[in-house]
Amino acid sequence: RLEESLGVKLFLRDGRRVVLTAAGRMLADRCEELFADSEKIIRAVQSCAVGVRHFNIGGTLTAGGYVLPALIAAFMRENEHYSLDLKVANTRRIEDALTARKLDVAMVEGPFEPNYFLSEPYFEDELVPVFSPGACPPEFSLARYIESGRRLILRETGSGTRYYFDRFLQAQGMPPPDLSSIQEVNSFDALKLFVRQGFGITVISRLAIRDELAAGLLQCGRFAEGPILRKLNFIYLPDQNLKFAEKFIAFCRK
């Protein structure tokens, strides 16, 4: 019916297999935006009926798991007529959700497109080597650890944490670890459990291991090559609920 209505071929059919044409892909992308808009309209109307304003906040795994929940809770306590939902994903998916207008503002620790998003730096975060108690000295060489072929348990490619780790290797002139010595994990909980079992070391934000450090379940140290630093940034679109984004960011700074 869509093809007949538009007079355009949207699907390529090969027996049981059906794929989208270029026009079909464009229509699917636009429909995602329309469906997101329609959901927001429905939520806005329902929220208006009960005097509540609804917005969607995005966060990458460190920001969304360990920084934003307390900020959102504090904001909602102070602004009772606001309802904020939180979506947690890696940087690429958060950018996609912002672009599709599914989020109003997000906090990310990975690189983002500065020419497309407005941004505000929030604070500087340090990534530290983390290991099971006694598995490593307080300070050790990452280069020697990699040369020895010992295991690294890392976040997946596309995450902010992995981006800054890989960039640190390049800045230090270190070759990338052998793939056989890397285990990729896209969950902080699973990653920390692997490390607790003595399976290898990881490199993550100290924010993500506060409870485990306090309980003595994990230890963190420093690399002899120096610190791995990054900034957590708020990003948002200039035409997407700009007043709310600025209000929320200002509250978080306060």
Which ranges mark the helices (runs of 4 or more DSSP H) fully within region 1-92 that have 3 or more residues being open to solvent by 60 Å² or more (accessible area, probe 1.4 Å)? 2-6, 22-49, 68-78
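For (1) surrounded by fewer than 21 Cβ atoms within 10 Å (Cβ to Cβ); (2) within 18 Å of Ser159 (Cβ to Cβ); (3) more than 20 Å from the chain's Cα centre (by Cα), each residue gets a yes or a no:
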| position | (1), (2), (3) |
| --- | --- |
| Ala190 | yes, yes, no |
| Gln197 | yes, no, yes |
| Ser205 | no, yes, no |
| Arg222 | yes, no, yes |
Where in region 107-219 are there helices (runs of 4 or more DSSP H), lying fully within it, with 1 or more residues that are at pLDDT below 90? 160-171, 188-196
Considering only residues of region 151-168 that are open to solvent by 20 Å² or more (accessible area, probe 1.4 Å) and under 14 Å from the mean Cα position of the chain (by Cα), which is farthest from Ala89 (Cα to Cα)? Tyr164
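The values are calculated or read from the model by the stated rules, or taken from the named source; none is laboratory data. Only a predicted model underlies this, so the values are computations on that prediction, with no experimental measurement involved. Because the Cβ atoms are built from the backbone with ideal geometry, glycine has one as well, and the counts that use them run over all protein chains shown. Please note that ligands, DNA and RNA were not included when accessible areas were found on the heavy atoms of the full protein model with its side chains. Shrake-Rupley method; radii C 1.70, N 1.55, O 1.52, S 1.80 Å.
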